[in-house]
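This report refers to the structure that appears directly beneath it.
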Amino acid sequence: MNFLEERIIKDGVVKSSNVLKVDSFLNHQMDIALIEEIAKEFKRRFADKTVTKVMTIEASGIGIAAFVAKEFGVPLVFAKKSKSINIDGDVFVAEVESFTHRNKNQVIVSKKFLHEGEHILIIDDFMANGCAMQGLISIVESAGATVEGCGIVIEKGFQIGGRVIRNLGYHVESLAIVDAMDAETGSVTFREQ
């Protein structure tokens, strides 16, 4: 069992067979020492890749991705879920469906911050059905940039996202893959990696 799986067992809360709350340490309140460890692990797993920028989607992936970007010594860009008056000029757009929020959003990245020839490492906190990841991949490819890999903190292995993204040929590294959860017992079963 790795450091993240241990933390999930200790502080994660199983709400149902497909909802795992990790808000006490990952995506609402953040344990910075844990986030630093996560970032170092992503750096280790993608050490052989050329990474010129890290990318994520707002909001809960930003803090994690910022530490990953720091490990690689590169900028972080995040896709916004709504266009504001602060974003001017041309943008890349993708529609993504959120498993957690049960809605669809158009996510956008300004063309000023994503360029042809860049090498992008995509980072996110969770992957369920893979919709957010597919949207980010679409944006990267629309820019003429290369997806060097997809780093996921927690993947729900019993949902299709990881399988879909891997079958599309992308290098996916998930630090913890949950194969099953039981709300009655609070138990979490992890995939051997």
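The values are calculated or read from the model by the stated rules, or taken from the named source; none is laboratory data. Not measured: the values here are computed from a predicted model. Neighbour counts run over all protein chains shown; Cβ positions are idealised from the backbone, glycine included. Note: areas computed on protein heavy atoms with side chains; ligands, DNA, RNA excluded. Shrake-Rupley method; radii C 1.70, N 1.55, O 1.52, S 1.80 Å.
Counting Lys and Arg as +1 and Asp and Glu as -1, what is the net charge of the other residues whose Cβ lies under 10 Å from the Cβ of Val140? Write down the numbers at each step before the final one.
On the way: positive: Lys53; negative: Glu118, Glu141, Glu148.
Residues near Val140 contribute -2 overall.
Computed over protein heavy atoms with a 1.4 Å probe, the carbon and sulfur contribution to the accessible area of the chain reaches 47%. Histogrammed with a bin width of 10 Å, the alpha carbon distances of the stretch 126-172 distribute as 29, 59, 12, 0 percent, first bin at zero. Of the chymotrypsin sites (Phe, Trp or Tyr not before Pro) found in the stretch 90-164, none is in coil by DSSP with at most 11 other Cβ atoms within 10 Å of its Cβ. The distance from the alpha carbon centre of the stretch 49-69 to that of the stretch 133-152 is 12 Å, rounded to a whole number. Here the gap between Ile160 and Ser17, fully extended at 0.36 nm per residue and compared with their Cα-Cα distance, gives a gain of 50.0 nm. The GluC sites (Glu not before Pro) of the stretch 124-193 that meet both conditions, a loop assignment by DSSP and at most 11 other Cβ atoms within 10 Å of the site Cβ, are Glu184, Glu192. Accessible area per residue for the chain in Å², computed with a 1.4 Å probe and the full protein assembly in place, what is it? Ligands and nucleic acids excluded, the figure is 49 Å² per residue. The residues packed around Val22, meaning those with a beta-carbon under 14 Å from its beta-carbon, carry a net charge of -3 if Lys and Arg are +1 and Asp and Glu are -1. Compared with the direct C-alpha span, the chain from Leu168 to Lys70 gains 32.5 nm at full extension, assuming 0.36 nm per residue. Taking a sphere under 15 Å around the Cβ of Phe42 and counting the other residues whose Cβ falls inside, with K and R at +1 and D and E at -1, yields a net charge of -3. For the pair Thr189 and Arg45, label points projected 7 Å from Cα toward Cβ lie 2.2 nm apart. Under the criterion of Cα pairs below 8 Å and six or more residues apart, the relative contact order for the stretch 1-80 equals 23 percent. For the chain, the share of DSSP beta bridges that are antiparallel, to the nearest 5, is 45%.
Only Cα pairs under 8 Å and at least 6 apart count here; give the relative contact order of the chain as a rounded whole percent.
Normalised by residue count, the contact order of the chain is 20 percent.
The calculated 222 nm mean residue ellipticity attributable to helices in the chain amounts to -8000 deg cm²/dmol, summing -39500 (n - 2.57) over DSSP H runs of n ≥ 4 and dividing by all residues.
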